[in-house]
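Right, one structure below, let's go through it.
The values are calculated or read from the model by the stated rules, or taken from the named source; none is laboratory data. As the structure is a prediction and not an experimental result, all values here were calculated from the model. In this analysis, Cβ positions are derived from the backbone assuming ideal geometry, glycine residues included, and neighbour counts consider all displayed protein chains.
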Amino acid sequence: MELVDSPVLDQALWDRCVTGDRDAFSEIFRRHRDLVYNYCFRRTASWDAAEDLTSTVFLEVWRTRKALILEGGSAAPWLIGTASNLVRSRLRSAARRSETERRGAPDERLDDLADGIADRVDAERRMAAVLEAVRDLSQAEQEVVAACVFAEMDYASAAAALGVAVGTVRSRLSRARAHLLGSSRIGKIEEV
């Protein structure tokens with residue numbers, strides 16, 4: 001995925017954000033919201049969760065802006081790193097909630113019959129099938145797949161976002177590809 005900006009421009013905007021410049025932060029948001037949103041959707045297979053997580057990522061960025069130093073002058077690696085942490089937390093919460101529901105807790109959600117619900121459900125079903133196959137990977141491999149495939153980051157940006165070496169990203173992604181190609185779940189994904 002091609003970034004909308006050059007790293008230099010992100011850095012200049014970020015320097016203004018640190019001083020509290022809301023217009024600069026709005027520009028950072030505009031440049032990177034789709035990247036973060038798509039990453040969150042691809043990790044959760046839920047449009048609603050992706051919307052919530054995207055908002056939370058940018059809220060967290062604004063809250064901690066004075067302590068943040070951009071890697072390579074781009075905000076994208078830090079945003080994806082923050083999104084990755086928030087997604088992990090949300091998935092753990094969802095697993096606990098699912099376990100509670102499995103034990104007989106009532107489901108309090110109400111279905112919203114909005115326009116386009118069929119498309120959203122279909123996209124979520126397809127993404128859930130992909131995530132089912134990805135969940136067979138180790139946690140480290142899942143994070144690299146999420147950064148390199150879902151967020152379409154290059155190796156260096158993924159390494160910065162995950163706090164590992166570029167070589168580690170390459171080897172984990174290679175192992176993940178091998179595992180996915182040998183997975184019996186791949187056929188299920190292709191059916192979707």
Worksheet entry | Pairs, first under 14 Å from THR54 (Cβ atoms) and at pLDDT 80 or above in the stretch 80-98, second surrounded by fewer than 20 Cβ atoms within 10 Å (Cβ to Cβ) and not aliphatic (A, V, I, L, M), C-beta under 6 Å, six or more apart | THR82/GLU60; LEU86/THR56
Fill in: Hits in the stretch 42-77 (condition: touching a residue at least 60 places away in the same chain (Cβ under 8 Å), within 26 Å of ALA94 (Cα to Cα) and surrounded by fewer than 21 Cβ atoms within 10 Å (Cβ to Cβ))
ARG42, ALA45, SER46, TRP47
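Consider the stretch 32-81. How many of its residues are among the small types (Gly, Ala, Ser) and in contact with a His (Cβ under 7 Å, 6 or more places away or on another chain)?
Residues of the stretch 32-81 that are among the small types (Gly, Ala, Ser), as a first pass: 45-46, 49-50, 55, 67, 72-76, 81.
From the residues that got through so far, the ones that are in contact with a His (Cβ under 7 Å, 6 or more places away or on another chain) too are 75-76.
Within the stretch 32-81, residues that are among the small types (Gly, Ala, Ser) and in contact with a His (Cβ under 7 Å, 6 or more places away or on another chain) number 2.
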Discussion item. So ALA151 ticks every box in (1) without any contact (Cβ under 8 Å) to a residue 40 or more places away in the chain; (2) closer than 21 Å to ALA45 by Cα; (3) within 17 Å of the chain's Cα centre (by Cα) but one. Which box is left unticked?
Written reply: (1)
Item to complete: For THR54, state whether it is modelled with pLDDT of 90 or more and either among the small types (Gly, Ala, Ser) or touching a helix residue (DSSP H, G or I) at 6+ places or on another chain (Cβ under 8 Å) (or both).
Response: yes
Discussion item. Restricting to the stretch 54-78, and then to whatever is touching a Leu at 6+ places or on another chain (Cβ under 9 Å) and assigned to a loop (DSSP other than H, G, I, E, B), can you tell me which residue is nearest to PHE41 (Cα to Cα)?
Written reply: ALA75
Worksheet item: For ARG175, all conditions in the list (1) modelled with pLDDT of 90 or more; (2) within 19 Å of the chain's Cα centre (by Cα) hold save one; what is the number of the exception?
Response: (2)
Item to complete: State whether one or more residues within the stretch 63-78 are out of contact with any Ser or Thr (no Cβ under 9 Å at 6 or more places or on another chain), at negative phi, polar (S, T, N, Q) and modelled with pLDDT of 85 or more.
Response: no
Response to the item:
Scanning the stretch 126-185 residue by residue, the ones that are of a type in the set (Asp, Glu) and either over 18 Å from ALA75 (Cβ atoms) or part of a helix (DSSP H, G or I) (or both) total 4
Discussion item. Here is a list: SER74, SER98, SER93. Which entry is within 30 Å of VAL166 (Cβ to Cβ) and among the polar types (S, T, N, Q)?
Written reply: SER74
Worksheet item: What are the residues in the stretch 99-124 that are under 23 Å from SER55 (Cβ atoms), aliphatic (A, V, I, L, M) and either in a loop (DSSP other than H, G, I, E, B) or modelled with pLDDT under 65 (or both), if any?
Response: LEU110, ALA114
